[in-house]
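See structure below.
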Amino acid sequence: MMQASLSLALREIVRFLRQKNRVIGALATPVLFWFLLGSGVGRSLVTPGFRGRLDYLTYFFPGIILLIVLFTAIFSTVSIIEDRREGFLQGVLVAPAGRSAILFGKIMGGTLLAVFQALVVMLLAPYSDHHPDARVLFHLIAMTSLLAVALTALGFLIAWPMDSTQGFHALINLFFVPLWFLSGALFPAGGAAEWVRTLMRFNPLSYGHEALQGLLATKQGQPLPIDLSQDYSIICATTLLLVMACAVQVSRRS
């Protein structure tokens, strides 16, 4: 099964690299969004939990990393519907490797693509006043990988029973856009209404964004400004639940 999963993951990566427009769009869109929105909102932002005022380009940068992971999850799982339409999925389903190979192959491919794109965009970190060292970079890759697995699994969960890409995008917007908006990517929880803060507390992506923001705010050679244990625990639990839900869904015969 592992060999089949690796082959399917490699297929996702090759498919991505062969679609030049997709490569450009996947990398340029979040960066453009970060620059235009970050410059347009204002030069500074009062952010609870941080000292003084914070440039919005600096605040918004972790949210863009999260957005890249989210975009990758969408585009890597919509291929399930395309594979079913082209007959490729049916061929894999009857192969000896079984259905689990599809699940792990898709998740592995989506995760690798998300981490790669996030690392490319992280090269812009110094321009947003972030200077991660090797220790911070390790945690950034670990947290980004967990978020990528979770979001790709959620995309897989939505895409698996669907036969229409239009329906998939409609549902994915219903799930993913609120998750991102309520993660703290666009605005800090401290300045929001009470009911919004409550929703943000129950949003697992809030803890992923909190971890990314705290890590990127760490100065070189200094201790981490936040305790990552809660963030890791919540994201790991969410990831495990979503992957298990995908495994149950894939095992059902239809």
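Let's see how each residue does on (1) part of a helix (DSSP H, G or I); (2) farther than 18 Å from Ile107 by Cα:
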| position | (1), (2) |
| --- | --- |
| Ala148 | yes, no |
| Phe156 | yes, no |
| Gln166 | yes, yes |
| Ala170 | yes, yes |
| Asn173 | yes, yes |
| Leu179 | yes, yes |
| Ser183 | no, yes |
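Kindly check whether there is at least one residue in region 129-140 that is under 12 Å from Val69 (Cβ atoms) and either in contact (Cβ under 8 Å) with a residue 12 or more places away in the chain or in a helix (DSSP H, G or I) (or both).
Yes, the conditions are met somewhere in region 129-140.
What pairs can you find where one residue is in region 232-248 and without any contact (Cβ under 8 Å) to a residue 60 or more places away in the chain, the other is in a helix (DSSP H, G or I), and their Cβ atoms are less than 7 Å apart, with a gap of 6+ or different chains?
Ile234/Pro204; Ile234/Tyr207
Going by the structure shown, is Val78 of a type in the set (Val, Ile, Thr), at pLDDT 85 or above, crowded, with 20+ Cβ neighbours inside 10 Å and in a helix (DSSP H, G or I)?
So Val78 does not fit the description; no.
Which residues, counting only those in region 185-208, are assigned to a helix (DSSP H, G or I), small (Gly, Ala, Ser) and more than 21 Å from the chain's Cα centre (by Cα)?
Of everything in region 185-208, those that are assigned to a helix (DSSP H, G or I), small (Gly, Ala, Ser) and more than 21 Å from the chain's Cα centre (by Cα) turn out to be Gly190, Gly191.
I need the full set of residues from region 104-163 which are more than 14 Å from the chain's Cα centre (by Cα), over 13 Å from Val78 (Cα atoms) and small (Gly, Ala, Ser), in order please.
Hits for region 104-163 are Gly105, Ala125, Ser128, Ala134.
Going through region 1-42 one residue at a time, which ones are under 18 Å from the mean Cα position of the chain (by Cα) and either of a type in the set (Gly, Ala, Ser) or not in a helix (DSSP H, G or I) (or both)?
Ala9, Gly25, Ala26, Ala28
Okay, residues lined up against (1) surrounded by fewer than 16 Cβ atoms within 10 Å (Cβ to Cβ); (2) of a type in the set (S, T, N, Q):
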residue: Leu140; (1), (2): no, no
residue: Thr144; (1), (2): no, yes
residue: Leu147; (1), (2): no, no
residue: Leu151; (1), (2): no, no
residue: Phe156; (1), (2): no, no
residue: Trp160; (1), (2): no, no
residue: Gln166; (1), (2): yes, yes
residue: Ala170; (1), (2): yes, no
residue: Asn173; (1), (2): yes, yes
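I need a count of the residues in region 217-237 that are assigned to a helix (DSSP H, G or I) and surrounded by fewer than 22 Cβ atoms within 10 Å (Cβ to Cβ).
Here the count works out to 7.
Is it the case that some residue within region 35-57 is under 27 Å from His139 (Cβ atoms) and modelled with pLDDT of 85 or more?
no
The values are calculated or read from the model by the stated rules, or taken from the named source; none is laboratory data. These numbers come from a predicted model, not from an experiment. Positions of Cβ are backbone-derived with ideal geometry, glycine not excepted, and every protein chain shown enters the neighbour counts.
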